[in-house]
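> Let me give you the structure first, and then I'll get to my questions.
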Amino acid sequence: MLQVVAQRDPAQARTLVKQFAKNTRVQGELSKAIGDLDLAGIAYENILANQPNDIDALTALGGIRFEQRQYETAQKIYSQILMQNPDDEIAKMAIADLYGILDQPLAALAQMEQLQNQQNREGVTDKELSRKMQQIKEDFLLRRGFQPFWEDANRRVRN
């Protein structure tokens, strides 16, 4: 609901942020919804100062740091989430994405494989995860100088 208000009337959302100053969770959600990532980050940091193990606040702060391109900080936050909840799929996927951004394709692939194995045990199939894994594998091979046979220039000449 907060995101709807922020999308429909950003000025009203800013007013609500001030009104909900004492409710830091609402303030964080509204601030993020209107794109004020700095204020949203402060709100979630305030929550974590009082409740350092609040998974929802950690997840939100990790997402904010990710959006702010503070990748190392986001990675630390998501690692902290996984220490508290080793099966958290959102944190696992975020870390895999961060590995990709930080140019660590093998670590990203390993993280995604762990997540895929977890999902397989639960009977879940995630096509987007499979697509990301395939993309990482292809990119890695291309970086290493591998050229798929269907892109081989000599093969095209012969046909």
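The values are calculated or read from the model by the stated rules, or taken from the named source; none is laboratory data. Nothing here was measured: the structure is a model prediction, and the numbers come from that model. Neighbour counts are summed over all protein chains in view; Cβ atoms, including those assigned to glycine, are modelled from backbone coordinates with ideal geometry.
> Please determine whether any residue of the range 135-144 is within 16 Å of the chain's Cα centre (by Cα) and either at pLDDT 95 or above or not assigned by TED's automatic domain parsing to the domain that holds Asn53 (or both).
No, the conditions are met nowhere in the range 135-144.
> Would you please name the residue that is surrounded by the most Cβ atoms within 10 Å (Cβ to Cβ), looking only at residues in the range 90-110 that are over 13 Å from the mean Cα position of the chain (by Cα) and part of a helix (DSSP H, G or I)?
Leu109
> Tell me which residues, restricted to the range 43-57, are over 18 Å from the mean Cα position of the chain (by Cα) and either among the polar types (S, T, N, Q) or not in a helix (DSSP H, G or I) (or both).
Listed by number, the residues that qualify are Asn46, Asn50, Gln51, Pro52, Asn53.
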